Structure formats: C-alpha cells, structure tokens
1. Part of a loop (DSSP other than H, G, I, E, B) and closer than 27 Å to Lys8 by Cβ: is that true of Val62 in this structure?
2. Does Glu48 count as among the acidic types (Asp, Glu) and surrounded by 14 or more Cβ atoms within 10 Å (Cβ to Cβ)?
3. Test Ala50 against the stated conditions and say whether it is under 14 Å from the mean Cα position of the chain (by Cα) and at pLDDT 80 or above.
4. Just the residues that are part of a loop (DSSP other than H, G, I, E, B) and surrounded by 15 or more Cβ atoms within 10 Å (Cβ to Cβ), please, taken from segment 9-37.
5. Which count do you get for residues in segment 4-43 that are more than 12 Å from the chain's Cα centre (by Cα) and at pLDDT below 80?
6. Scanning for something touching a helix residue (DSSP H, G or I) at 6+ places or on another chain (Cβ under 6 Å) and in a helix (DSSP H, G or I), does segment 51-58 turn up at least one residue?
7. Of these, Ala71, Ala40, which one is in a helix (DSSP H, G or I), closer than 16 Å to Leu10 by Cβ and in contact with a Phe, Trp or Tyr (Cβ under 9 Å, 6 or more places away or on another chain)?
Amino acid sequence: MNNNFDTKKLTGLLNAVSRKIGVPPEQLRSELEAGKFDSALAAMNKNEAARFQQAVNNPEIVEKMMSTPQAKALYEKLSGGKK
C-alpha cells in the first residue's frame, strides 16, 4: 500500500480517532502497530466491525478507500483541517 501520510498527519488522525472512540492515543497506536484492533472494534456496531475486518484482511480495499475524495475529506475533518 502506498503510504502518503506524513508523521504529523498520521498523529493528527490517530488523535482524532482516539478521541472519537475514547481510547488514549498511545494505547490505540500500540494496538494498531501490533495489528490489534480491539479498541476500534469495541466502539463499532456489528456491521461496521465486520466491514472493518474485511477491509483489514484485504489491503487493496484499504488502499482504494484511502484514495477516495471522501476519505481525504474525512481525514481533513477529523484532523481539524490542518495540512
């Protein structure tokens, strides 16, 4: 997958998601780096969790989703519009 996020943007996104799901950013980062999504999945309903698991198991889906205008707009909204 092409990683177009710089560290500052990734940190902003991580902070926004951690606030949204009520998990400290350090814990969320640690889980994600270990390939665990327990905190994220616990904050989702069953349908969202199932779609998320499907996407995680298929990197091509993630790459397509992250390159859409909607994903880019969501990132900007979550990160407070900082570039």
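1. Values: part of a loop (DSSP other than H, G, I, E, B): no; closer than 27 Å to Lys8 by Cβ: yes.
Against the criterion (part of a loop (DSSP other than H, G, I, E, B) and closer than 27 Å to Lys8 by Cβ), Val62 does not qualify.
2. Details: among the acidic types (Asp, Glu): yes; surrounded by 14 or more Cβ atoms within 10 Å (Cβ to Cβ): no.
Considered against the rule, which asks whether it is among the acidic types (Asp, Glu) and surrounded by 14 or more Cβ atoms within 10 Å (Cβ to Cβ), Glu48 comes out as no.
3. On the way: under 14 Å from the mean Cα position of the chain (by Cα): no; at pLDDT 80 or above: yes.
Spelling it out, it is not the case that Ala50 is under 14 Å from the mean Cα position of the chain (by Cα) and at pLDDT 80 or above.
4. If the condition is that a residue be part of a loop (DSSP other than H, G, I, E, B) and surrounded by 15 or more Cβ atoms within 10 Å (Cβ to Cβ), then Val23, Phe37 are the ones that fit.
5. The qualifying residues number 4.
6. Within segment 51-58, the subset touching a helix residue (DSSP H, G or I) at 6+ places or on another chain (Cβ under 6 Å) is 55.
Of the ones still in play, those that are also in a helix (DSSP H, G or I) are 55.
Within segment 51-58, one or more residues are touching a helix residue (DSSP H, G or I) at 6+ places or on another chain (Cβ under 6 Å) and in a helix (DSSP H, G or I).
7. Numbers: Ala71 fails: in contact with a Phe, Trp or Tyr (Cβ under 9 Å, 6 or more places away or on another chain).
Sole residue among the options that is in a helix (DSSP H, G or I), closer than 16 Å to Leu10 by Cβ and in contact with a Phe, Trp or Tyr (Cβ under 9 Å, 6 or more places away or on another chain): Ala40.
The values are calculated or read from the model by the stated rules, or taken from the named source; none is laboratory data. For clarity, every value in this text was computed on a predicted model and none was experimentally measured. Cβ: placed from backbone, ideal geometry, glycine included. Neighbour counts: every protein chain shown.
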